[in-house]
Amino acid sequence: MIERIAILGTGLLGTSVGLALRAAGFRGAIVGWNRSPEGGQTALAAGAIDALATDPLQAARESQVVLLALPIYATLDFIEKLAGVLGPGQLVTDVGSTKAQIAAAAGRLFNAPNRAAFLPGHPMAGKERGGAALGDAELFRGAVWLFTDDPAWQRSPDSAALVKGWREWVAAMGAKTLDLEAVRHDELVAWVSHLPQFVATALSALLEEQVGDAPELKDVGGRALREMTRLGASPYSMWRDIACTNTEAVQTALHALEQRLAHLRENLRTPELRDEFEQANRFRREFRQGSGSAPR
């Protein structure tokens, strides 16, 4: 049974996890730590954590489960630090948006005899902006929480119990779980998550450059503009590490889109334009039928 959890990073996801755990009935202790004291205090005031730690490593030592809710490079840094201070009977997991580098580091430093377990994770949930003030107990309800599982933790009964317990709490928070191999995870999210973000960023930046000062913009720009540029509000700080740790997969997706846009440009007056619309409608229709709702 999990009785104490340390959340290192009380931004949007970390705070939301704390709130969701409480809403799901978790009665154990939740201690938080944040690089910015203000973010930690906000999470504390919201009830997402019970106490705010000043030493993240000490908070981790005293906990059964450690959740790294940090940017990817900070997560990689903490993986190195935690490997030397944690041991059997403890579990580390994370919420990073790319998994190959994290899974590789975890496989090197954890999931071995006399070491803590590590379960890489990625909840497919979030908002355009981050911060503890936007924490939401319902953020994960209906979302998919991906895991890139390493069966090595099964060698230890204590680790297996903690992994099972954490996955049960993820389900209790309302998420659906899915296991993917780490490289496959990064390839897939490059298409379905990272590409939409970079398209929205490029489109928003282009519009700012071309028509950003047009006085008619607020009247002419309608729902299509709002929906297409919604992700353009995401800050660089949230996406820098993603771009740097999934570069090849994102480049592949962007290059394919560049070719597709060139094809559209060259066929604005041909029947092939109709074919593109039909294929796009088919994807949208099948996706909605498969997911049961509109994509987030």
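Of note:
- Among the residues of the range 90-119, those identified as within 16 Å of ALA160 (Cβ to Cβ) and touching a residue at least 60 places away in the same chain (Cβ under 8 Å) are GLN90, LEU91, THR93.
- Residue check for LEU91: under 26 Å from GLY25 (Cα atoms), out of contact with any helix residue (DSSP H, G or I) (no Cβ under 6 Å at 6 or more places or on another chain) and not β-branched (Val, Ile, Thr): no
- Of everything listed in (1) modelled with pLDDT of 95 or more; (2) over 28 Å from GLY290 (Cβ atoms), the single unmet condition for ARG129 is (1).
- Helices (runs of 4 or more DSSP H) wholly inside the range 143-219 containing at least 3 residues that are under 15 Å from the mean Cα position of the chain (by Cα): 182-189, 195-211
- Taken across the range 207-214, residues that are in contact with a strand residue (DSSP E or B) (Cβ under 7 Å, 6 or more places away or on another chain) and farther than 18 Å from LEU254 by Cβ do not occur at all.
- Filter pass, LEU8 being at pLDDT 95 or above, surrounded by 24 or more Cβ atoms within 10 Å (Cβ to Cβ), under 20 Å from TRP239 (Cβ atoms) and among the hydrophobic types (A, V, I, L, M, F, W, C): no
- Qualifying residue in the range 225-244 (condition: charged (D, E, K, R), surrounded by 10 or more Cβ atoms within 10 Å (Cβ to Cβ) and modelled with pLDDT of 95 or more): yes
- Taking the range 12-33 as the range and being crowded, with 20+ Cβ neighbours inside 10 Å and either in contact with an Asp or Glu (Cβ under 6 Å, 6 or more places away or on another chain) or under 20 Å from LEU82 (Cα atoms) (or both) as the test, the residues that pass are GLY14, SER16, ILE30, VAL31, GLY32, TRP33.
- Among the residues examined, GLY107 does not qualify as touching a Lys or Arg at 6+ places or on another chain (Cβ under 7 Å), more than 28 Å from ALA23 (Cα to Cα) and not in a strand (DSSP E or B).
- Test: residue in the range 249-269 that is without any contact (Cβ under 8 Å) to a residue 24 or more places away in the chain, in a helix (DSSP H, G or I) and farther than 29 Å from GLY212 by Cα: no
- Between THR54, THR98, THR93, the distinction of being more than 14 Å from the chain's Cα centre (by Cα), of a type in the set (Val, Ile, Thr) and in the same structural domain as GLY32 (by TED's automatic domain parsing) belongs to THR54 only.
- Just one of the listed residues (ALA152, ALA171) is surrounded by fewer than 20 Cβ atoms within 10 Å (Cβ to Cβ), over 16 Å from VAL66 (Cβ atoms), modelled with pLDDT under 95 and not assigned by TED's automatic domain parsing to the domain that holds CYS244, namely ALA152.
The values are calculated or read from the model by the stated rules, or taken from the named source; none is laboratory data. Quick caveat: nothing in here was measured; it's all calculated off a predicted structure. Every residue, glycine among them, receives a Cβ derived from its backbone with ideal geometry; neighbour counts consider all protein chains shown.
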